[in-house]
1. Please tell me if B:LEU109 is on the phi < 0 side of the Ramachandran plot, buried (at least 18 other Cβ atoms within 10 Å of the Cβ) and modelled with pLDDT under 90.
2. Please find, within region A:10-23, the residue that is farthest from B:PRO130 (Cα to Cα) out of those that are under 23 Å from the mean Cα position of the chain (by Cα) and aliphatic (A, V, I, L, M).
3. Let me spell it out: the conditions are (1) modelled with pLDDT under 95; (2) crowded, with 16+ Cβ neighbours inside 10 Å, and A:GLU171 meets all of them except one. Which number is the exception?
4. Yes or no: A:PHE217 open to solvent by less than 30 Å² (accessible area, probe 1.4 Å) and not in a helix (DSSP H, G or I)?
5. Does B:ALA41 qualify as being surrounded by 17 or more Cβ atoms within 10 Å (Cβ to Cβ) and within 23 Å of A:ASN133 (Cα to Cα)?
6. Considering only residues that are touching a residue at least 12 places away in the same chain (Cβ under 8 Å) and more than 7 Å from chain A (Cβ to nearest Cβ), which ones fall in region B:209-224?
7. State whether one or more residues within region B:47-54 are farther than 24 Å from A:ASN126 by Cβ and crowded, with 22+ Cβ neighbours inside 10 Å.
8. So which residues in region A:174-194 are open to solvent by 50 Å² or more (accessible area, probe 1.4 Å) and either part of a helix (DSSP H, G or I) or of a type in the set (Gly, Ala, Ser) (or both)?
Number of protein chains: 2
Amino acid sequence: MGENIGAAARAMWNFGLDRMSIVAPRDGWPNPRAVAMASGAGRLLDEARLVRSTSEAVADAAFVYATTARSRELKKDVVTPLVAMQDAATRIAGGQGVAVLFGPERAGLQNDDVARANAIISVPVNPEFPSLNLAQCVLLTAYEWHRASGSAPRRRREPTEFAAASHAEVEHLASHYEDRLQDAGFFFPPEKAAGMKQTLRNLWSRMPLTSADVQVFHGILRQIVRWKERDD
Amino acid sequence: MGENIGAAARAMWNFGLDRMSIVAPRDGWPNPRAVAMASGAGRLLDEARLVRSTSEAVADAAFVYATTARSRELKKDVVTPLVAMQDAATRIAGGQGVAVLFGPERAGLQNDDVARANAIISVPVNPEFPSLNLAQCVLLTAYEWHRASGSAPRRRREPTEFAAASHAEVEHLASHYEDRLQDAGFFFPPEKAAGMKQTLRNLWSRMPLTSADVQVFHGILRQIVRWKERDD
């Protein structure tokens, strides 16, 4: 179905894959429904290779993966998308071409197609509900490819504005609270005061405070004290 | 849209997740379109909790992830689904409840929702084509959950004294400060009040507070207000 081909193109391009081959599409080619579904990934369809057989589609590849829901072809390695795409990244870095075969929505790949593959990709789904559609299967494989190929952005956290507060800043904040709470009679009874102060110090030092956070906590305390004093 | 809720249910159940809460669905609930789309995952919809607010949805969770396409909320950690679900598996093994928030198809989560989260999940997509839909985002997160939960390193269960505060406890703490600071005239000028409140919510939700810490912060505020009132 055209819709499934279009959705597969979107799933590929979400993770930077753009080389699609289409084997003997049921409804001919080009297919306006595929184009409508692909929207922003339409370029993949324009540039897709139209071929008559699976064998032609993977002719250039040195290593071929077939995706199946059930692993009918037990004589081959059956691996997860993760393992497959890590292997693919290694092969490609070594100059090999790698192809992944996806079957049509309902029927999946035919045994003849699976037979051409060097290994099988099977997504480890919930055995009670193994209902991935074609585009979802492409999505998960492309997602793993993206990660394995090393293009995943590292964990972001903005540098300067969100810099962790210095020890001196946290110390100053702790003293500010300790002093005002002392005035407010928080540390009571006296024999427990030392322990309570330590609990508070521990609390501040355990929090991952930024310089900006420290200013907010100063501001909170200052405003409440001002409120009190205004009424005095 | 009902279809998106149904597709999200399918994506969850494909990887064994079945606890869904639905916040104020646009078209009411139950929704026959959601049921039609969910097909084999209909049980998730039957058992879904219908709640009025995001805050109610995540009340029992000690740690909340929000998913966003763009990381508007840069002061929080932005992590991949992989890192998030490994962390979630560790937290859950340690007895903490973890929730993941997903926004509606087009608009995504509102800033107020993101403000309640402890960290952000962002899928590292192709920057030229970042077009994941809701169900795809759920699918990738559930996929990573399935993998992480199968291999989660067990962690010593923390003694209760150090138990992470629940979302409801932190929410209550945030409201306590917000209310007193409102009385104290902290949110000034009025046109900045909403932003200042959001900054504060973000601050509280970023802190790794234990239940004991929450009590200390309540105690600090209560004592200072009592101090003020004593003098009134």
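1. So B:LEU109 fits the description; yes.
2. In the first step, residues of region A:10-23 are kept if they are under 23 Å from the mean Cα position of the chain (by Cα); the result is A:10-20.
This time we only want the ones that are aliphatic (A, V, I, L, M), so: A:11-12, A:17, A:20.
Details: A:ALA11: 10, A:MET12: 11, A:LEU17: 13, A:MET20: 19 Å.
Filtering first and then ranking leaves A:MET20.
3. (2) is the only condition that A:GLU171 fails.
4. On the way: open to solvent by less than 30 Å² (accessible area, probe 1.4 Å): yes; not in a helix (DSSP H, G or I): no.
No.
5. Values: surrounded by 17 or more Cβ atoms within 10 Å (Cβ to Cβ): yes; within 23 Å of A:ASN133 (Cα to Cα): yes.
Here the answer is yes, as B:ALA41 does meet what is asked.
6. Here is the first cut: in region B:209-224, the ones touching a residue at least 12 places away in the same chain (Cβ under 8 Å) are B:209-214, B:217-218, B:221.
Of everything in region B:209-224, those that are touching a residue at least 12 places away in the same chain (Cβ under 8 Å) and more than 7 Å from chain A (Cβ to nearest Cβ) turn out to be B:LEU209, B:THR210, B:SER211, B:ALA212, B:VAL214, B:PHE217, B:HIS218, B:LEU221.
7. Scanning region B:47-54, I find at least one residue that is farther than 24 Å from A:ASN126 by Cβ and crowded, with 22+ Cβ neighbours inside 10 Å, so the answer is yes.
8. A:ASP179, A:ARG180, A:GLN182, A:ASP183, A:PRO190, A:GLU191, A:LYS192, A:ALA194, listed by residue number.
The values are calculated or read from the model by the stated rules, or taken from the named source; none is laboratory data. All figures in this text were calculated on a predicted structure; none of them were measured in a lab. In this analysis, Cβ positions are derived from the backbone assuming ideal geometry, glycine residues included, and neighbour counts consider all displayed protein chains. These accessible areas exclude ligands, DNA and RNA; they are computed on the full protein's heavy atoms, side chains included. Shrake-Rupley method; radii C 1.70, N 1.55, O 1.52, S 1.80 Å.
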